[in-house]
Structures are given as C-alpha cells and as structure tokens.
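A quick write-up on the structure given underneath.
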Amino acid sequence: MYYRLVKMPELVGVLSRYRNRDNLARLERVLAGAGRDESSDRTVRSVRRQKRLNPDQVSELVEARVSGVEIDDLAERYGIDRNTVMAHLQRAGVPGRRWPGRTLDPEQLEAAGRLYESGVNLIAVGQQFDVDRRYLRRTLPEAGFGLRPPGRRKGQS
C-alpha cells in the first residue's frame, strides 16, 4: 500500500519539499520497507509488577504492627509501599496509633468537649490538652459536641 503511494506524483512532490535530505532518504527507506529505524538511546521505564502478599504474609504484617513495628520498617521488610501496608492494616481492622500530644482518648475528648461547651475557645482548649485546634474542630462534632461559629463574640476581649 505504501509502495503505491510513493509512486504517486503528488506524494513525491510533498516528499521533495523536505529541506533535510537525510530525513527524506530515511522516510523513503521506511516507506519502501528497507529496514527498521535505529533503536533509541532513551531509557524506557520497565513495567513494575505489584508485589502481592499472600494471606499468611498479611497476618504476619498485622501481628508485627500490633507488636510495635513501624510502618516504614514493614514496607521495607515486605518490599511494598507504605501506603499498601496501611491499606492492609486498615482492612484487617488494626486501629491507628495515637500520638501523644496529637490526639485524645475518648475520656479526654469528652472533657475537652465539656470545657469547650462552657465557653472556652478551641485555641485555649487545645493548649490545655496539648492538641491542635483543627484536630478539635474535626473531632468534637464526631463526639457529639456542637461547634460555635469561628470568630470573636460580643463581650470577649
């Protein structure tokens, strides 16, 4: 099919307009089926296959995490991404760790909610419980406490 196109005068006219004779000669050879292009020096990414853990490995991973092994260490040990480790743990129902100073246990959250409802603002509540006000803004409604609109109130200094 290509061979017939090269013989047509219109196509030959288009090809003759090429300024670079090397490109023209190469194109004519390719259209005539005179060989393949040279291989490129560019590196090509290999298709990386995902490593799948079997059920025994997943249970070992869960046991190791419960016993205190860090997520990065588990990812390296099993040759998987840390997000995959966290997904396995979430599917297995392993609760996330609570970081001191970043989260509150249910009793502390209840006390923080009562303090907030008494009129203390989120910044002061956060400072008292050593947590961020944004954490309180997210978790207090989940614990059943209503939030006031942000900003100063009349009578506050």
Within the stretch 77-95, the count of residues that are among the β-branched types (Val, Ile, Thr) and more than 15 Å from Lys51 (Cα to Cα) comes to 1
Could we say that Arg65 is over 23 Å from the mean Cα position of the chain (by Cα), at pLDDT below 90 and among the charged types (D, E, K, R) here? no
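The values are calculated or read from the model by the stated rules, or taken from the named source; none is laboratory data. All values reported here derive from a predicted model rather than from experimental measurement.
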